[in-house]
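**Student:** Got a structure for you, questions after.
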Amino acid sequence: PQFPNLNLDRDIYCSFMGRFDTHPCRVSMKQIMNDRIKCYKSTDFNQYVNLLNRSIFTLSPRGYGYTSFRIYEAILAGSIPIYIWDDKCILPFNDIIDWDKIAIIIKADELNILEEKMNNINIKKYQDEIKKIRHLMTIEKTFDYIKNNI
């Protein structure tokens, strides 16, 4: 499977596939969002790609590191990432991407207002902005960015 044409219909409002034990903010996310999201446990990459392709929002909480590869994958699939951070908000390409136009950025202790934030954004506008920066979400572009900023 591949990441889709970005105009596909999406039948899942918000999803997450992954572990909940790699950072306390993931535990909080699970407790608060438990009944509101489709959570999947699988190691099957095809199922994961299908889930991203069908999701309007993708929970992308930090894990062992300060950020999550799910942000890249959500953007490649045209899904709006929800980046959940705790003590440091670290996002790739932060100096050239206006993350407030393509993602929901929320601190773990504010998760109680996440659903309200999700319901109050213009989904189409976010998806249109994602299309503009999608090309940056590759290993090559990331490597070039790091090399040029060292």
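**Student:** Inspect the stretch 60-67 for any residue being part of a loop (DSSP other than H, G, I, E, B), at pLDDT 80 or above, of a type in the set (Gly, Ala, Ser) and more than 22 Å from residue 121 (Cα to Cα) and give the result as yes or no.
**Tutor:** Looking through the stretch 60-67, at least one residue is part of a loop (DSSP other than H, G, I, E, B), at pLDDT 80 or above, of a type in the set (Gly, Ala, Ser) and more than 22 Å from residue 121 (Cα to Cα).
**Student:** Here is a further query. Condition first: touching a strand residue (DSSP E or B) at 6+ places or on another chain (Cβ under 6 Å) and either modelled with pLDDT under 85 or assigned to a loop (DSSP other than H, G, I, E, B) (or both). Can you find one or more residues in the stretch 40-49 that meet it?
**Tutor:** Checking the stretch 40-49: at least one residue is touching a strand residue (DSSP E or B) at 6+ places or on another chain (Cβ under 6 Å) and either modelled with pLDDT under 85 or assigned to a loop (DSSP other than H, G, I, E, B) (or both).
**Student:** Okay, moving on. Among (1) among the β-branched types (Val, Ile, Thr); (2) modelled with pLDDT of 85 or more; (3) open to solvent by 10 Å² or more (accessible area, probe 1.4 Å), which single condition is residue 32 missing?
**Tutor:** (2)
**Student:** Can you report the number of residues in the stretch 59-76 which are more than 11 Å from the chain's Cα centre (by Cα) and surrounded by fewer than 18 Cβ atoms within 10 Å (Cβ to Cβ)?
**Tutor:** Residues flagged as more than 11 Å from the chain's Cα centre (by Cα) and surrounded by fewer than 18 Cβ atoms within 10 Å (Cβ to Cβ) within the stretch 59-76 amount to 3.
Yes/no per residue for (1) closer than 21 Å to residue 20 by Cβ; (2) aromatic (Phe, Trp, Tyr):
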| site | (1), (2) |
| --- | --- |
| 96 | no, no |
| 109 | yes, no |
| 113 | yes, no |
| 118 | yes, no |
| 123 | no, no |
| 133 | no, no |
| 137 | no, no |
| 145 | no, yes |
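**Student:** Here is a further query. Residues 85, 99: which one is of a type in the set (Phe, Trp, Tyr), in contact with a strand residue (DSSP E or B) (Cβ under 7 Å, 6 or more places away or on another chain) and at pLDDT 95 or above?
**Tutor:** Result of the check over 85, 99: 99.
The values are calculated or read from the model by the stated rules, or taken from the named source; none is laboratory data. Because the structure is a prediction, the values reported are computed rather than measured. Quick reminder, even Gly has a Cβ in these numbers, built from the backbone with ideal geometry, and neighbours come from all protein chains shown. Protein only, heavy atoms only, side chains kept; ligands, DNA and RNA dropped before computing areas. Shrake-Rupley method; radii C 1.70, N 1.55, O 1.52, S 1.80 Å.
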